[in-house]
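The values are calculated or read from the model by the stated rules, or taken from the named source; none is laboratory data. These numbers were taken from a predicted model, which means no experiment stands behind them. Note that we place each Cβ from the backbone using ideal geometry, even for glycine, and neighbour counts take in every protein chain shown. Surface areas here come from the heavy atoms of the whole protein model, side chains and all, with no ligands, DNA or RNA. Shrake-Rupley method; radii C 1.70, N 1.55, O 1.52, S 1.80 Å.
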Amino acid sequence: MEIEFVGAAREVTGSCHIVRVAGKTIVLDCGLFQGRRSESHEKNLQLPIPIEQIDAVVLSHAHIDHAGRLPFLVRHDYNQSIWCTPATRDLCAVMLADSAHIQEKDAEFLARRGKESIEPLYSLRHSTRTIELMTAVPYRRSFDVVPGVRAMFVDAGHILGSASVILDCTENGQTRRLVFSGDIGRSGLPIIRDPEPPAGADVVIMESTYGNRDHESVEGARAHLASVIRETAASGGRVLIPAFAVGRTQELVYDLHALAGVGAIPPIPIYIDSPLAIDTTSVFEMHPDLFDHGEDLVRTVHDLFRFELVHYTRDVEESKALARMHGPMVIIAASGMAEAGRILHHLAQGASDPRNAVLIVGFQAEHTLGRRIVERQPTLRIFGDDVLLRARVEIINGYSAHADRTELSSWIGRVGERSPQLRQVWLVHGEPPAQDELATTLGAKGLKVTCPESRDRFEF
Ligand SMILES: [Zn+2]
């Protein structure tokens with residue numbers, strides 16, 4: 001039995017790991033590399049392994065850095081099952097269609113810059129076919145991925161439908177339990193249930209995005225959101241929030257709903273300026289059974305994502321009209337790292353106004369516009385123009401859907417307590433400083449921890 005790390009190795013994007021058991025090959029996740037455009041395009045063009053060698057794909061969750069290259073496999077004639085949870089499939093239907101659109105835009109952009117024409121990674125046709133290949137299995141139900149590998153999804157508590165994957169691998173009469181954490185969420189996140197650390201692991205592949213940092217608390221995040229909105233509204237400005245359309249936007253709307261309900265924010269309009277977020281909200285509304293029913297709002301309010309202050313703008317003209325409006329407002333738009341999407345128009349127009357606030361509520365990878373905002377660079381390059389960054393920049397880490405340093409340690413601690421035979425932890429999905437610090441912390445607890453490089457292989 002062997003594991004090979006192909007993506008999200010010493011970095012946070014491009015999640016992809018290859019498991020070989022008894023002559024069969026399973027790909028765990030196949031995500032897009034993101035970051036510097038031309039560089040990531042090159043990486044995205046490399047197939048993780050020849051298609052004919054892949055017997056099945058198992059997908060942890062719908063985020064594009066985990067699922068975004070599946071249509072590229074399909075474009076190269078991948079025609080086997082892709083296993084995931086039902087909510088992951090429904091989210092992927094929305095997200096991979098959007099991703100195909102972005103691929104086409106990116107190819108146009110690169111083609112304009114370079115001399116040769118560049119093909120999009122994939123098109124809508126490939127995204128649609130990808131969804132057809134998906135077999136959805138609810139949490140806590142065992143299924144055979146390939147002969148010799150039995151799997152189960154448990155809730156990773158990260159986004160709707162997100163899973164940690166348990167793979168029981170049997171070869172030559174020996175069975176080993178491989179646990180793939182997927183992206184690990186946090187306790188107390190709005191709507192989403194708490195992560196369930198699996199038991200009985202022999203080896204673990206674990207994410208490490210925030211291995212060297214603690215977040216502010218989830219309750220602190222909500223209070224921080226309220227204060228930024230109150231202060232910006234008082235100065236007559238806009239609150240611009242680049243947010244992932246999937247998950248983060250729904251969490252924000254849910255929190256704004258709760259805050260508006262107790263009068264903690266002024267009654268200013270809130271625009272969700274993202275067709276993708278609108279479609280995603282519909283997917284959330286299809287899966288109320290997955291919500292955390294321990295929360296008051298979930299128990300008492302029927303329409304969690306609809307209330308009088310919130311307006312969803314799907315139409316391009318409606319979106320453009322926001323620029324001409326006056327008075328304080330909140331605008332939530334994708335993309336979450338401000339690399340594409342409608343948020344760019346709002347930033348181009350609003351970043352230079354000191355009355356406004358740019359509110360960062362998610363992880364910002366290196367070389368993204370969002371990271372430059374976090375670093376408070378004096379000038380932002382948007383659509384080829386320099387825009388002065390004079391708006392106030394506020395960062396709320398408490399909305400992270402990723403476990404922080406303490407929560408990661410506690411997750412693996414709980415896995416370890418119930419896994420007497422745990423022999424190895426591989427850290428993935430983290431930049432080197434985060435990984436190295438987490439490796440040291442976990443090593444001090446007696447765990448054997450390795451941070452594999454891309455293309456490293458290990459037997460287990
Ligand atoms: Zn994720």
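Some values worked out for this structure:
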| read-out | value |
| --- | --- |
| Count of region 314-369 residues which are within 18 Å of Lys105 (Cβ to Cβ) and among the acidic types (Asp, Glu) | 1 |
| Residues that are of a type in the set (A, V, I, L, M) and within 25 Å of the chain's Cα centre (by Cα), drawn from region 418-460 | Val425, Leu427, Val428, Ala434, Leu438, Ala439, Leu442, Val449 |
| Within region 298-321, considering residues that are in contact with a Lys or Arg (Cβ under 9 Å, 6 or more places away or on another chain) and surrounded by 13 or more Cβ atoms within 10 Å (Cβ to Cβ), the one nearest to Ile192 (Cα to Cα) | Tyr312 |
| Those strands (runs of 3 or more DSSP E) lying entirely in region 102-220 with at least 1 residues open to solvent by less than 20 Å² (accessible area, probe 1.4 Å) and within 16 Å of Ala62 (Cβ to Cβ) | 134-136, 149-155, 163-171, 174-180, 203-207 |
| The one condition in (1) surrounded by fewer than 24 Cβ atoms within 10 Å (Cβ to Cβ); (2) in contact with a Leu (Cβ under 6 Å, 6 or more places away or on another chain); (3) among the hydrophobic types (A, V, I, L, M, F, W, C) that Ala245 fails to fulfil | (1) |
| Failed item, numbered, when Arg69 is tested on (1) touching a residue at least 12 places away in the same chain (Cβ under 8 Å); (2) open to solvent by 10 Å² or more (accessible area, probe 1.4 Å) | (2) |
| Any pair with Cβ under 6 angstrom, 6 or more apart, that starts in region 310-338 at a residue that is more than 23 Å from Glu251 (Cα to Cα) and ends at one that is modelled with pLDDT of 95 or more | Ala323/Gln349 |
| Top-ranked residue in region 382-415 [being in contact (Cβ under 8 Å) with a residue 60 or more places away in the chain and more than 14 Å from Ile184 (Cβ to Cβ); ranked as nearest to the ligand (Cβ to nearest atom)] | Tyr399 |
| Residue among Ile51, Ile26 that is without any contact (Cβ under 8 Å) to a residue 40 or more places away in the chain, hydrophobic (A, V, I, L, M, F, W, C) and either more than 29 Å from Phe284 (Cβ to Cβ) or open to solvent by less than 10 Å² (accessible area, probe 1.4 Å) (or both) | Ile51 |
| Arg414 vs. criteria over 26 Å from Arg36 (Cβ atoms) and open to solvent by 50 Å² or more (accessible area, probe 1.4 Å) | yes |
| Filter result for the condition that a residue is modelled with pLDDT of 95 or more and open to solvent by 10 Å² or more (accessible area, probe 1.4 Å), over Leu259, Leu276, Leu359 | Leu259 |
| Residue count, region 150-199 (criterion: within 20 Å of Asp65 (Cα to Cα), of a type in the set (Lys, Arg) and away from the ligand (no atom under 16 Å from the Cβ)) | 0 |
| Test: Ser60 is within 14 Å of the ligand (Cβ to nearest atom), in contact (Cβ under 8 Å) with a residue 24 or more places away in the chain, open to solvent by less than 10 Å² (accessible area, probe 1.4 Å) and not in a loop (DSSP other than H, G, I, E, B) | no |
| Failed item in (1) farther than 18 Å from Leu344 by Cα; (2) crowded, with 16+ Cβ neighbours inside 10 Å; (3) in contact (Cβ under 8 Å) with a residue 60 or more places away in the chain, with Arg457 passing the rest | (2) |
